[in-house]
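The values are calculated or read from the model by the stated rules, or taken from the named source; none is laboratory data. Computed from a predicted structure; not experimentally measured. Cβ placement follows ideal geometry from the backbone for every residue including glycine, while neighbour counts extend to all protein chains displayed.
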Amino acid sequence: MAAESEQSEQPESTPSNAVSSRVLEVQQGQKQPGPLRIASLGGGHGLFQTLKAARRLAPEDISAIVTVADDGGSSGRLRKEFDMIPPGDLRMALVALSVRDDAEGKFWEQTLQHRFGGSGALAGHALGNLLITGLKEILGQEQAALDAVMRLTGAQGRVLPVCTEPLDIQADVSGLDDDPRVMRSVRGQVAVASTPGQVRRVSVIPENPEINPAALEAIRGADLVTLGPGSWFSSVIPHLVLPQVVRAINESDALRILVLNLNGEPGETQGFSYERHIHVLAQHAPGLHVDVVICDSASVTSESEREYLQKAARILQASMVFADVREIDEAGRASSRHDELKLAQVLSDVYVRYTHDQEPAEIEPTEEKQG
């Protein structure tokens with residue numbers, strides 16, 4: 001990988017020891033870059049933002065690799081009643097890949113995200129979840145149902161459950177007892193995400209689930225693999241306690257990028273430093289290698305903090321990139337979400353700099369079309 005200055009600007013970065021073979025081949029002129037293939041791992045709103053950013057880079061070849069451990073709300077009810085992979089995070093990924101800046105795109109976003117009101121059996125269900133469930137019953141498989149929704153909405157890319165069976169998250173949690181040394185087991189994504197204690201470690205049940213081979217193939221065949229942002233213990237790390245997934249990431253010729261969260265989350269990572277986010281991830285996936293870790297530049301401004309982060313990133317054999325990725329709302333206030341355009345620009349910048357050794361083009365906002 002091309003060497004960078006210790007903390008250069010646009011984006012700021014530090015050198016990495018990890019160099020994927022595709023990166024070297026492109027840099028050395030041995031391989032001409034074709035259409036960019038992106039594999040994004042995660043779940044929920046974090047993956048949603050990453051996928052919207054990815055659509056600006058490679059709208060035709062994105063694989064969303066989605067966690068399957070949700071057990072709350074509409075997803076949890078359908079999972080239990082129909083013994084199926086929970087559809088909620090999958091629906092969110094479908095929406096991210098279906099949304100276009102025209103009237104039809106807005107229609108499908110509203111349709112898939114619509115939740116029923118009232119107090120009856122349908123109350124709280126997302127229409128997209130019911131569509132996935134119904135198509136799964138008709139077609140016999142969740143993947144066939146997801147592919148059908150993609151065709152129906154005109155979405156590009158593919159949504160892939162990471163496993164072919166639903167998972168449960170189990171966490172070792174401290175602080176739930178008078179004795180802080182006592183660890184208690186908490187099971188279920190909702191319970192883990194909302195625990196008042198401190199999550200120390202998570203695992204999945206069953207211990208050796210069946211991994212979706214299409215997800216592994218997408219990771220191995222990608223040019224760019226992204227991890228995060230998202231709920232650290234319930235959306236990001238569950239992918240990385242699956243040895244086959246970690247192995248596929250390590251074996252991929254892709255540029256592998258970890259996107260850090262903007263803030264700690266109540267219940268899961270409240271009070272976590274950015275450095276601790278990296279350490280916790282590395283503890284759960286000790287063999288994981290990534291190339292770049294992206295952190296919001298306005299959130300870490302001191303040289304000492306950035307040095308600590310770089311040391312943490314070296315555990316993953318990665319370099320640090322500091323860049324403005326936080327969304328600013330209409331009132332000019334910093335939000336808790338990544339800005340899709342800013343994130344797309346940084347991903348493009350990092351990819352082009354590290355693989356092509358040249359200046360990237362600016363990504364323009366898309367104009368909303370009427371019709």
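Points to keep in mind about this one:
- Residues (buried (at least 16 other Cβ atoms within 10 Å of the Cβ), out of contact with any helix residue (DSSP H, G or I) (no Cβ under 6 Å at 6 or more places or on another chain) and either at pLDDT below 90 or of a type in the set (A, V, I, L, M) (or both)) located in region 153-174: 167, 173
- Test: residue in region 130-144 that is touching a Gly at 6+ places or on another chain (Cβ under 8 Å) and either under 17 Å from residue 66 (Cα atoms) or surrounded by fewer than 14 Cβ atoms within 10 Å (Cβ to Cβ) (or both): no
- Residue check, residue 316 under 27 Å from residue 353 (Cβ atoms) and either assigned by TED's automatic domain parsing to the domain that holds residue 191 or touching a Gly at 6+ places or on another chain (Cβ under 7 Å) (or both): no
- In this structure, residue 300 does satisfy being without any contact (Cβ under 8 Å) to a residue 40 or more places away in the chain, in a loop (DSSP other than H, G, I, E, B) and assigned by TED's automatic domain parsing to the domain that holds residue 219.
- Of the helices (runs of 4 or more DSSP H) contained entirely in region 74-166, those carrying at least 2 residues that are more than 25 Å from residue 212 (Cα to Cα) and not acidic (Asp, Glu) fall at 103-113.
- The set of residues in region 320-354 that are more than 14 Å from residue 50 (Cβ to Cβ), without any contact (Cβ under 8 Å) to a residue 24 or more places away in the chain and buried (at least 21 other Cβ atoms within 10 Å of the Cβ) is empty.
So that you can scan it fast, the table gives a plain yes or no per residue for (1) part of a strand (DSSP E or B); (2) aliphatic (A, V, I, L, M); (3) surrounded by fewer than 24 Cβ atoms within 10 Å (Cβ to Cβ):
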| position | (1), (2), (3) |
| --- | --- |
| 209 | no, no, yes |
| 215 | no, yes, no |
| 218 | no, yes, no |
| 226 | yes, no, no |
| 235 | no, no, no |
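- Residue match in region 237-247 (condition: touching a helix residue (DSSP H, G or I) at 6+ places or on another chain (Cβ under 7 Å), of a type in the set (Val, Ile, Thr) and over 23 Å from residue 351 (Cβ atoms)): yes
- The residues listed here are 39, 64, 93; of these, the one that is assigned by TED's automatic domain parsing to the domain that holds residue 145, within 21 Å of residue 325 (Cα to Cα) and at pLDDT 95 or above is 93.
- Sole residue being in contact (Cβ under 8 Å) with a residue 40 or more places away in the chain, over 17 Å from residue 343 (Cα atoms) and under 12 Å from the mean Cα position of the chain (by Cα), chosen from 63, 40, 75: 63
- Residue, surrounded by the most Cβ atoms within 10 Å (Cβ to Cβ), within region 101-116, restricted to residues that are touching a residue at least 12 places away in the same chain (Cβ under 8 Å) and either in contact with a helix residue (DSSP H, G or I) (Cβ under 9 Å, 6 or more places away or on another chain) or outside the structural domain of residue 150 (by TED's automatic domain parsing) (or both): 112
- Complete set of residues in region 167-194 that are more than 21 Å from residue 88 (Cα to Cα) and assigned to a loop (DSSP other than H, G, I, E, B): 175, 176, 177, 178, 179, 180, 181, 182
- Of 317, 283, 244, 310, all but one fail to be outside any loop (DSSP other than H, G, I, E, B), surrounded by fewer than 19 Cβ atoms within 10 Å (Cβ to Cβ) and touching a residue at least 60 places away in the same chain (Cβ under 8 Å); the exception is 283.
- Residues that are in contact with a His (Cβ under 8 Å, 6 or more places away or on another chain) and either surrounded by 19 or more Cβ atoms within 10 Å (Cβ to Cβ) or in the same structural domain as residue 80 (by TED's automatic domain parsing) (or both) within region 175-207 comprise just one, 202.
- Hits in region 258-280 (condition: within 19 Å of residue 326 (Cβ to Cβ), part of a loop (DSSP other than H, G, I, E, B) and of a type in the set (D, E, K, R)): 265
- Test: residue in region 163-178 that is more than 18 Å from residue 75 (Cα to Cα), among the hydrophobic types (A, V, I, L, M, F, W, C) and touching a residue at least 40 places away in the same chain (Cβ under 8 Å): yes
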